[in-house]
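Please treat every number below as a calculation from the coordinates, not as lab data. Keep in mind the model is a prediction, meaning the values are calculated, not measured. Glycine also receives a Cβ, built like all others from the backbone with ideal geometry; neighbour counts cover every protein chain displayed.
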Amino acid sequence: MKAQVAVVGSGASGVHFALSLLRKGYRVTMFDVGRRGTSPVEPQANFTKLKEQLSDPSAYFLGPNYDGVLLPDADGEYYGIPPGKNYIFDALHDFNHSARGFSPLFSFARGGLAEAWTGGCYPLNDAELTDFPFGYNEIGSHYSEVARRIGISGEADDLARFMPVHDNLLPGLRLDPHSKGLLKHYSRKRDRLNREGAYIGRTRVATLSEAKGSRSACGYLGRCLWGCPVNALYTPSQTLAECRSYPDFEYTAGMHVDYFKVGADRRITSIVARPAEGGTEQEIKVDQLALAAGALLSTKIFLLSVLRATGQRIRLGGLMDNRQILVPFVNLRMIGRPYSPENYQYHLLGMGIETGDPRDYVHGQITTLKTALLHPIIQNLPFDLRTATFITRSMRTALGVVNVNFRDTRRDENYVTLSEKTNGRQPDLEISYSPSADEPDRMREAMKKVTKTLRTLGCIIPPGMAHVRPMGASVHYAGTLPMSKTNAPFTTTEYCQSRDFENLFLVDGSTYPFLPAKNITFTLMANAVRVAEAAF
Amino acid sequence: MMANGNSLEAECQTFARYLLGSVPQPYVVGKYADAHRVSAVFSQGTRFDNLLVRVARKHPVLTRLADSHARMFAPTGLLRKKLVLLLAILETSAPSCHLIDAVDSGGKLAFFTRLAVKGTAFAISVAAGTIILLPVQMVMALEQRRDG
């Protein structure tokens, strides 16, 4: 029997790391707070039918306390987290943090933050991996393995110049009429747009276009945001369920790991955890430890462990996140077209914006409006609500939004540390972030191209409605304990092994030395598999 | 501003007639009142907010006048919050959701014609609101500042 590995966290990284180890014969114990949501209701009903069939539909969509109503002071967002997914972001009663220039989200849910993701799966290319101690050749097969495990639909099209094509790609999902129209129009204007560095193609999404095992293919019910009722949209809790079918896997839910203890030889001897809802802490011996709680929560465990072991309150620089701008658009060709709730709700198209440096690539996810709650949009139009409702009703099928993502780099001034004061039993997590000096220029240049591309496709951007999201909103946190070829404190080896504690591995975003403008979840999973395969 | 069950029901009826031109189902009225019970957000406002709600609940025409004014000069005030709440309830329950999902007939030309008419009506409503309500809003804001 091989050694025991303790994994903290059941998010995208943790479950794929654990599954790879289990397949290699390791014993794995996973520690997790593991909050759970409710089962999906009426699994065959589409978005509109739900409103007709549920006995209390407003409670389902808006929540029993009406938290799902986005009121006029809701910071310009066009949609909110549905009440049924609030459990994903529910705080722990004694977990405190303070942040400057950053609005972090934390998750203590079973499956982590990716329980609420939109499924974008974009492999990094060699240019984006320049700062990583490995290239695409070394991670490509792991992308393919993750694609085999979770099911990714997409096409090898114009966006392949920015995203390598790995194996096990399923056919693309059915396009809605608006997305189909945009793609058709792009094909006519392709040469012109490409000359200007703009490319459109299908996004790659972790949603099944074909049935896979016990999971059904996408039923086009328009309910992605509220939780896929047929498990066609992948979430990490599905892989957790697979891990739990192994006899050598132990899942310890309801435990919050605070810190680890270190012996004289720089080896971790145990972790200290306590019941998430309060209670006495427990010390649990570990052979090897993998932190996969998400970059910020893993960093807090690391910081607190160093503080406990050495009395040093260290500061870890290099925190990164993707800046995002939401760009609503109106496709004039689609005005007045009828609306159907029977469509895939999330993004089906992507926009690649080339810049002079391939590392500065800008990625946009194009979501055409299908099913959605409309009151956040209606209230933002510059009219009274009756007129705005009329406009939205007629233009609904013509509306869309591009979520434009920007890369980030590690900078020392963006850091995570622990507070001097302890509030209760622990110091608070302190986060500080300020954007790079060149960010406004990069955003301006990219936005010019995004605007021009949309115009070329026959769309207009209503003035003043682009929304720059605060840092932290993309929830792509990374960079506090980076992989590095250089042996230095508070870094990890190329296999994410800590240089400070010999039997510690960090298998989440904390080890990213660079954050490209792409959703990081797919790379998190592939990297976790890579580490499990190579270092164990 | 606390309202009792009957006045909330009347308020909901008036606001629904303004928003969708139809009488709300008892379910909608019940949810609207329930939201006011569970969340103080829909009851707290400045003196001007409360005045605007009192004006708006008298008749759908006045709701439009008050809402047009609020869109320009009090976009996060109490009236907008109440109207957005009702809109959210209407769009999440049948049969009112079908009124929001339905597309008006006539194609693009009809849409732009209707838009021009409705846009003009909005502009007139804002102008009227500015003449009638803006001075009141300013006076009340000054009084509130003076009273600390």
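Odds and ends about this structure:
- Once the C-beta distance of B:Arg47 and B:Ile131 is scaled by a Förster radius of 22 Å, the resulting FRET efficiency is 0.65 to the nearest 0.05.
- Counting charges near A:Gly318 (Lys, Arg +1; Asp, Glu -1) among other residues having Cβ under 12 Å from its Cβ returns a value of -2.
- Percentage, to the nearest whole number, of Cα pairs in the range A:242-325 over 16 Å apart: 63
- With a threshold of 19 Å on the Cα-Cα distance, the over-threshold entries among A:Lys2/A:Lys261; A:Lys2/A:Lys24; A:Lys285/A:Lys421; A:Lys49/A:Lys184; A:Lys180/A:Lys212; B:Lys31/B:Lys82 are A:Lys2/A:Lys261; A:Lys285/A:Lys421; A:Lys49/A:Lys184; A:Lys180/A:Lys212.
- FRET efficiency for A:Gln282 and B:Ala102, using Cβ-Cβ distance with R0 set to 41 Å, rounded to 0.05: 0.10
- In chain A, the DSSP-assigned H stretches of four residues or longer account for a calculated mean residue ellipticity at 222 nm of -7500 deg cm²/dmol, using -39500 (n - 2.57) per stretch and the full residue count as denominator.
- Shielding of B:95-102 by partner chains, average beta-carbon count, 10 Å: 5
- The alpha carbon convex hull volume per residue for the range A:181-251 rounds to 151 Å³.
- Cross-link pairs exceeding 28 Å between alpha carbons, from the set A:Lys370/B:Lys108; B:Lys58/B:Lys81; A:Lys300/A:Lys448; A:Lys189/B:Lys118: A:Lys300/A:Lys448; A:Lys189/B:Lys118.
- Seen from all directions on average, the range A:441-510 presents a Cα convex hull projection of 7.5 nm².
- At most 16 other Cβ within 10 Å, DSSP loop - GluC sites (Glu not before Pro), the range A:277-374: A:Glu277, A:Glu281, A:Glu342
- Charged-residue dipole, Cβ positions (Lys, Arg, Asp, Glu), the protein assembly as shown about Cα centre, Debye nearest 20: 1740
- The Cα trace of the range A:459-499 gives Rg and Dmax of 18.6, 52 Å, the first to one decimal, the second as a whole number.
- Fraction in percent of alpha-carbon pairs per bin - 10 Å, the range B:44-95: 26, 52, 19, 2
- In the protein assembly as shown, inverting the average of 1/r over every pair of distinct C-alpha atoms gives 26.7 Å as the Kirkwood radius.
- Against the rule of thumb 2.2 N^0.38 Å, how large the Cα Rg of the range A:400-456 comes out: 1.78
- Here the scattering of the range A:155-203 is modelled by Debye summation over its C-alpha atoms, one equal scatterer each and no solvent; at q = 0.21 Å⁻¹ the log10 of I(q)/I(0) is -0.81.
- Rg followed by Dmax, in Å, when the range A:194-305 is reduced to its Cα trace: 20.6, 63
- The range A:67-156, Rg to Rh (Cα coordinates; Rh as Kirkwood inverse mean 1/r): 1.06
- Quotient of Cα Rg and 2.2 N^0.38 Å for the range A:11-89, N being how many residues it contains: 1.57
- Remark: mean inter-chain Cβ contacts per residue of B:10-22 equal 1, using a 10 Å Cβ-Cβ cutoff to other protein chain atoms.
- The range A:452-536: GluC sites (Glu not before Pro) in DSSP loop, at most 14 other beta carbons within 10 Å: A:Glu502
- Its Cα gyration tensor gives the range A:297-366 an equivalent ellipsoid. The semi-axes, each the square root of 5 times an eigenvalue, are 45, 19, 9 Å from largest down.
- Low-density loop cleavage sites - trypsin sites (Lys or Arg not before Pro) in the range A:375-455, where at most 10 other Cβ are within 10 Å (DSSP): A:Arg425
- For the range A:1-159, the normalised intensity computed at q = 0.09, 0.13, 0.17, 0.20 Å⁻¹ comes to -0.48, -0.96, -1.30, -1.38 (log10 of I(q)/I(0), Debye sum over alpha carbons, equal scatterers, no solvent).
- Translational diffusion coefficient (Stokes-Einstein; Kirkwood radius from C-alpha pairs) of the range B:1-109 at 25 °C, 0.890 mPa s, in µm²/s: 173
- Where only C-alpha atoms are counted, convex hull volume of the range A:380-536 per residue in Å³: 211
- Shielding by partners for peptide A:49-61, expressed as the average number of C-beta atoms from other protein chains within 10 Å of each residue's C-beta, is 5.
- Dividing the Cα radius of gyration of the range A:351-392 by 2.2 N^0.38 Å, with N the residue count, gives 1.83.
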